[in-house]
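Notes follow the structure.
The values are calculated or read from the model by the stated rules, or taken from the named source; none is laboratory data. Every value quoted in this text rests on a predicted model; they were computed, and no experiment measured them. No Cβ is skipped: glycine too gets one built from the backbone with ideal geometry, and neighbour counts run over all protein chains shown. Calculation scope for accessible area: heavy atoms of the full protein, side chains included, ligands and nucleic acids excluded. Shrake-Rupley method; radii C 1.70, N 1.55, O 1.52, S 1.80 Å.
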Amino acid sequence: MIPLHPAALGHMLVIPRRHIPDLWELDLASAAPLTDAVLRLGHAIRRSLGPDGLNVITSAGAAASQTVRHLHVHLVPRWEGDAFGDLWPRPSPPLSPQAVQEAAAAIRSALARHSDDRSP
C-alpha cells in the first residue's frame, strides 16, 4: 500500500489485515506472513527502482512516534544524498560504556527468563 504522504519515491507500507496494535503484540503465526510480505516488497522495490538502500521501519508506542494504533511496516527506498536525512540521531550526552553494558545485561536476562515465549 502507498502511504498518504510518502517520504520518498517508492515508499510502501505492509499492513496486516488482522488488527495487531504494534510489534510488541505480534505473535509468531502472524510474524511469518508479515515478514514474507516485507521481503517480497523490499526485493520488488530494489528490482524496479534500484535504490542505494532501504529503511524498514515500524514504531511501537508514542515515544517511538507511533501515531496509528495498528501495526504497519514502512519500506522507504533511499538514495545517496536524499532529503530523508539521517535516521539515527547522536545521543546527547553520549551513552557511557557502563550504561550500554548494563542495558545489554538486562536485555539478556529478560531473554533468558522468557526464552520459551514471545510475550512481554
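One entry in (1) 15.2, 56; (2) 13.1, 44; (3) 16.9, 45 is Rg and Dmax of the Cα atoms in Å calculated from the shown coordinates; its label is (3). Farthest toward the positive end of the dipole of the stretch 35-100, out of 64, 38, 77, is the Cα of 38, where the dipole comes from beta carbon charges about the Cα centre. Relative to the longest principal axis of the C-alpha atoms of the chain, give the angle of the C-alpha long axis of helix 28-49, reported between 0 and 90° and rounded to the nearest 10°. Compared with the principal axis, the helix lies near 40 degrees. For the chain, a simple Cβ point-charge model (Lys and Arg +1, Asp and Glu -1, everything else neutral) yields a dipole of about 200 debye relative to the Cα centre. Ranked from largest to smallest solvent-accessible area, with a 1.4 Å probe on the protein heavy atoms, 2, 45 come out as 2, 45.
Estimated from helical segments only, the mean residue ellipticity of the chain at 222 nm is -11000 deg cm²/dmol, where each DSSP H run of four or more residues counts as -39500 (n - 2.57).
Taking all protein chains together and a 1.4 Å probe, the residues 48, 92 rank 92, 48 from largest to smallest accessible area. For the chain, the longest principal axis of the Cα atoms and the long axis of helix 97-113 meet at an angle of about 90 degrees.
Taking 35 Å as R0, compute the FRET efficiency from the Cβ-Cβ separation of residue 40 and residue 109 and round it to 0.05. Computed FRET efficiency for residue 40 and residue 109: 0.45. Our estimate of slack between residue 87 and residue 5, defined as 0.36 nm per intervening residue step minus the Cα-Cα distance, is 27.8 nm.
Counting pairs of alpha carbon atoms under 8 Å apart in space and at least six apart in sequence, what relative contact order in percent does the stretch 35-86 give?
Across the stretch 35-86, relative contact order equals 39 percent.
For the stretch 61-120, list log₁₀ I(q)/I(0) at each q in 0.19, 0.29 Å⁻¹, using the Debye formula over Cα point scatterers of equal strength and ignoring solvent, two decimals each. Values, matching the q order: -1.10, -1.10. Each residue was assigned an accessible area with a 1.4 Å probe, and for residue 39 the value is about 100 Å².
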